[in-house]
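Structure first, then comments.
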Amino acid sequence: MHIYFSSVYGSTKQYAEELARRLSTTAQEIPDPAEVPDDAAEGPIIALAPAHGPMNAAAKFVKSLPETTIQARPICVVTVGMTLDHVVKETDPTAELLGDRADQVQRFYLPGRLNYSELTTAHLGVMRGIIGALKLKPRKSENERSMIEMYKKDTDRVDLSRLDESVAWAEAAKDAQNN
């Protein structure tokens, strides 16, 4: 089993390390896809990354894996973000990013952390622009109102108990491969 992650401000790394601990393995930064073995004996692949607008390094990584790896090994993408849970379930943005591979990849979403006090100047500028535009929007969604409410506030929604579902998937995937 391999756990790969990309983390910008730390919450995704925290989830990846806890997931690895629970599954008795290690977590490592997302590698070059060519370095990932396509041998089924290697077990499931779990890739975690934060959602940053339309970008998700885990989805990009899985899309770039060779088809032989996708066919040989169970694959899971865990997206960490600040979007409200029910909105993610309704829209499933990771599926869209995975494109034609979405049906072959298990997907989970975990709530993250957004500490404005730690954002880079560039990221602060992006958030200022997004929030400014949202404030001008006449009919805001619940998720948009949540973003405005969190603006310039350190918000930590990390919940390690939410890894239980990913652990159960990984254990079942590994058992299915061994039978």
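So here's what we get for this one:
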read-out: Simple label model, 7 Å out from Cα along Cβ direction - Thr25 to Asp159, nm; value: 2.5
read-out: Percent carbon-and-sulfur accessible area, region 57-151, ignoring ligands, DNA and RNA, probe 1.4 Å; value: 54
read-out: Sorted largest first, extent of the chain alpha carbons per principal axis (Å); value: 55, 31, 27
read-out: Mean accessible surface per residue for region 22-179, computed with a 1.4 Å probe while every protein chain stays in place, in Å²; value: 56
read-out: Subset of Lys63/Lys135; Lys63/Lys140; Lys13/Lys89 violating a 31 Å alpha-carbon distance limit; value: Lys63/Lys135; Lys63/Lys140
read-out: Coil-residue trypsin sites (Lys or Arg not before Pro) of region 133-179, DSSP, other Cβ within 10 Å capped at 15; value: Arg139, Lys140, Lys152, Lys153
read-out: The chain: relative contact order as a whole-number percent, Cα under 8 Å and 6+ apart; value: 23
read-out: Furthest towards positive pole of dipole, Gly129, Ala173, Leu160, structure part region 110-179, Cβ charges; value: Gly129
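The values are calculated or read from the model by the stated rules, or taken from the named source; none is laboratory data. As the structure is a computational prediction, the values presented were derived from the model and not from experiment. Using ideal geometry, Cβ is built from the backbone for each residue, glycine included, and neighbour counts are taken over all protein chains shown. Just the protein is used for accessible areas: all its heavy atoms, side chains included, with ligands, DNA and RNA removed. Shrake-Rupley method; radii C 1.70, N 1.55, O 1.52, S 1.80 Å.
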